[in-house]
Amino acid sequence: MITAFQQHGHGDDVIQLFEQMLREGVEPDYITFVSVLSACSHNGLVRRTMESTGLRKETGCSWIDVWNETYVFTVHDRSHDETEQIYEMLGRLKELVKAKGYAPDTQFAINDVEEHKEQSMWYHSERLALSFGLISLPVNAPIRIKKNLRTCGDCHTVMKLVSEIFRRKIILRDANRFHQFADGSCSCKDYW
Ligand SMILES: [Zn+2]
Ligand SMILES: [Zn+2]
């Protein structure tokens, strides 16, 4: 069913069904993951609007495993049971990283309205996954996130700062490589 939705370009239905599967404890197999990934890459809704403005961009999805369950996040995702706490944590993160000197690098924002750039970038899928990890995992546990696309430079900066502020190891596997963030720096030395 997931594959059928994906083949017909119903990206939202793919994600919804996938999340339902996970909630109900149905183990996803290889085919399911491939379909979910392609749906994320070819979500017809995307962000349609972009084609009409001459832009094309794949949808980013991030995954995180918490207590043997896999949780999927898309940009601006509000579909999770703990959405309120996740967004609360994200708001807290913003203040903490700003206090550490973070300034948003809006070249990574796809929203073309200047005043919305910073806002839209703050809700990239890996940051939602990161916040969820911070509120759900034990304080010493490393946070492992996977992403179907290359992570953006701004998320990379945020991950570095969060690793320092929370003294947490964050491992992000993006489309290009593994990033291991610890004590404010990344194993890739900012080249990736
Ligand atoms: Zn990003
Ligand atoms: Zn890195």
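The values are calculated or read from the model by the stated rules, or taken from the named source; none is laboratory data. Since the model is a prediction, treat every value here as computed from it, not as a measurement. Cβ atoms come from the backbone with ideal geometry, glycine included; neighbour counts cover every protein chain shown. Remember, those area values only see protein heavy atoms, side chains included, never the ligands or the DNA or RNA. Shrake-Rupley method; radii C 1.70, N 1.55, O 1.52, S 1.80 Å.
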Next on the checklist: Using only alpha-carbon positions, what ratio does the radius of gyration of region 66-134 give when scaled by 2.2 N^0.38 Å?
Outcome noted: 1.16
Item to check | Solvent-accessible surface (1.4 angstrom probe) belonging to residue 97, in square angstrom, nearest 10 | outcome: 0 Å²
Checklist entry - Mind checking the dipole of region 122-192: about its Cα centre, +1 per Lys or Arg Cβ, -1 per Asp or Glu Cβ, Debye to the nearest 20? => result 220 debye
Checklist outcome for this item: Checked the chain with the C-alpha gyration tensor, a ≥ b ≥ c its square-rooted eigenvalues, rounded below a/c of 1.5, otherwise prolate if a/b is larger than b/c and oblate if not; verdict oblate
Checklist entry - What are the ³J(HN,Hα) values, in whole Hz, obtained from phi via the Karplus relation 6.51 cos²θ - 1.76 cosθ + 1.60 with θ = phi - 60°, for each residue of region 77-92 in sequence order, with x given for Gly and Pro? => result 4, 10, 8, 8, 4, 9, 3, 4, 5, 4, 5, 5, 5, 4, x, 5
Item to check | Accessible surface, the chain, averaged per residue in Å² (probe 1.4 Å) | outcome: 56 Å²
Checklist entry - For the chain, which whole percent of the accessible surface, found with a 1.4 angstrom probe, sits on carbon and sulfur atoms? => result 48 percent
Checklist outcome for this item: Result for the chain, cysteines with no Cys Cβ partner under 4.7 Å, is 152, 155, 186, 188
